[in-house]
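The values are calculated or read from the model by the stated rules, or taken from the named source; none is laboratory data. Just so you know, these numbers come straight off a predicted model, no measurement behind them. In this analysis, Cβ positions are derived from the backbone assuming ideal geometry, glycine residues included, and neighbour counts consider all displayed protein chains.
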């Protein structure tokens, strides 16, 4: 499993629009064979900041994800919403506390 945390800082005026766009992207992403989970988290103390937790079955799944129409649409829609460039950090799963992700 490959886990990616994507850190996103959204301009205040776009917070609600971003939440709509990322939710649509997450729903479509979960239909992909290589996507196990797609969680959207919003900071409680700074609602303009989000972390997306994307869990993939293998190392190639993120590349396939970025080739989908829904990802390309999302990327284009949210581009102007960013307060700063988003960045990601990759993790390897050590122990699935929920009994396994599939």
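If you go through the stretch 3-20 and pick out every residue that is surrounded by 15 or more Cβ atoms within 10 Å (Cβ to Cβ), out of contact with any strand residue (DSSP E or B) (no Cβ under 6 Å at 6 or more places or on another chain) and in contact (Cβ under 8 Å) with a residue 60 or more places away in the chain, you end up with 3.
Cβ-Cβ contacts under 6 Å between residues 6 or more apart (or on different chains), taken from a first residue in the stretch 29-57 that is without any contact (Cβ under 8 Å) to a residue 12 or more places away in the chain to a second residue that is surrounded by 14 or more Cβ atoms within 10 Å (Cβ to Cβ), are listed as 30/38; 43/49. Restricting attention to the stretch 24-42, does a residue exist that is in a strand (DSSP E or B), surrounded by fewer than 19 Cβ atoms within 10 Å (Cβ to Cβ) and in contact with a helix residue (DSSP H, G or I) (Cβ under 6 Å, 6 or more places away or on another chain)? Among the residues of the stretch 24-42, at least one is in a strand (DSSP E or B), surrounded by fewer than 19 Cβ atoms within 10 Å (Cβ to Cβ) and in contact with a helix residue (DSSP H, G or I) (Cβ under 6 Å, 6 or more places away or on another chain), which makes the answer yes. Could you go through the stretch 73-82 and let me know if any residue there is under 21 Å from residue 7 (Cβ atoms) and part of a strand (DSSP E or B). Yes, the stretch 73-82 contains at least one residue that is under 21 Å from residue 7 (Cβ atoms) and part of a strand (DSSP E or B). Would you say residue 50 is buried (at least 17 other Cβ atoms within 10 Å of the Cβ) and assigned to a strand (DSSP E or B)? So residue 50 passes the test. Residues in the stretch 58-72 that are in a helix (DSSP H, G or I) and without any contact (Cβ under 8 Å) to a residue 40 or more places away in the chain: 63, 64, 65, 66, 69, 72. If the condition is being surrounded by 15 or more Cβ atoms within 10 Å (Cβ to Cβ) and farther than 21 Å from residue 20 by Cβ, then the stretch 62-76 contributes 62, 64. Under 25 Å from residue 92 (Cβ atoms) and at pLDDT below 95, is that true of residue 57? Yes: the conditions hold for residue 57.
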